[in-house]
1. Take region A:84-102 and flag every residue that is within 23 Å of residue A:138 (Cα to Cα), touching a strand residue (DSSP E or B) at 6+ places or on another chain (Cβ under 7 Å), more than 16 Å from DNA strand C (Cβ to nearest atom) and not in a loop (DSSP other than H, G, I, E, B).
2. Please go through region A:171-195 and give me each residue that is surrounded by fewer than 17 Cβ atoms within 10 Å (Cβ to Cβ) and either in a helix (DSSP H, G or I) or modelled with pLDDT under 95 (or both), ordered by number.
3. Please give the number of the condition residue A:81 fails out of (1) more than 16 Å from DNA strand C (Cβ to nearest atom); (2) without any contact (Cβ under 8 Å) to a residue 24 or more places away in the chain; (3) in contact with a helix residue (DSSP H, G or I) (Cβ under 9 Å, 6 or more places away or on another chain).
4. From the list A:136, A:110, which one is surrounded by fewer than 20 Cβ atoms within 10 Å (Cβ to Cβ) and assigned to a helix (DSSP H, G or I)?
5. In region A:155-182, which residues are more than 11 Å from DNA strand B (Cβ to nearest atom), over 14 Å from residue A:59 (Cα atoms) and touching a residue at least 40 places away in the same chain (Cβ under 8 Å)?
6. Has region A:31-38 got at least one residue that is buried (at least 20 other Cβ atoms within 10 Å of the Cβ) and within 23 Å of residue A:170 (Cα to Cα)?
7. On the given criteria, is residue A:90 farther than 24 Å from residue A:190 by Cβ, surrounded by fewer than 14 Cβ atoms within 10 Å (Cβ to Cβ) and in contact with a helix residue (DSSP H, G or I) (Cβ under 8 Å, 6 or more places away or on another chain)?
8. Of the residues in region A:39-63, how many are surrounded by fewer than 19 Cβ atoms within 10 Å (Cβ to Cβ) and farther than 19 Å from residue A:228 by Cβ?
DNA sequence: CGTCCAGGTCTAC
DNA sequence: GGTAGACCTGGACGC
């Protein structure tokens, strides 16, 4: 890393550790999912410790990033998100003056403060600029509390969470399912122009209906979205590593083997 | 150079 | 409730 600074004190160190645990979802209990997967020859491999989706620090970040994946190539997503971070994100001490490295994801306040020209001319977000600005202004103005969506399922059931997400500007079925995955809510499949053909290819078909995909993973109940995602991304994992020890590793290199998305 | 479309959504029928 | 058309952008592709 080129980002340097004074070593953290005890309190700051604990904050950093807590942040890392949160983002890497290290303390999530997936035993219920593994119990279902172990009987599925095509997914039993996940029980060696797969399934922790890397997530952002805030729900706001997840929604913004997800909006930047809609109806565009992945390269465009990278461009938009990088521009937001580089130009609107707070810079860490010692971070480079330019570029997205060493910067936090921008706050809603920072994004609300950027004008339409920024979204059009710098982020080049196209029609998504309006969605991003509307969202940021609502959150910054206190009219919308996105962070409250990161709640326990008993308090906020998946169906209600879904309804609230699709009510957001620019968020439809795909984006809502994607954000839910990032929030540890796996009851909905992320169906889009990448996952559909990828699934079809893996099962050796030209095309597959959404209904057929739903059927394949229906046995996973509230974990079906996670099962689908891992089915699609198996090839992203290295062959060997046993990840089971990760939640309890006191230190070291646990994160290197973890695969997820974001 | 024009068309198509990529990790979709919204609006208007 | 289901379905065309429009929507920003910029690579990929055909001509």
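1. A:85
2. A:173 - this is the single residue of region A:171-195 that is surrounded by fewer than 17 Cβ atoms within 10 Å (Cβ to Cβ) and either in a helix (DSSP H, G or I) or modelled with pLDDT under 95 (or both).
3. Looking at each condition in turn, residue A:81 falls short on (1).
4. Residue meeting the stated conditions: A:110.
5. Result: A:158, single match.
6. No, the conditions are met nowhere in region A:31-38.
7. Criteria met by residue A:90.
8. Here the count works out to 3.
The values are calculated or read from the model by the stated rules, or taken from the named source; none is laboratory data. As the structure is a prediction and not an experimental result, all values here were calculated from the model. Every residue, glycine among them, receives a Cβ derived from its backbone with ideal geometry; neighbour counts consider all protein chains shown.
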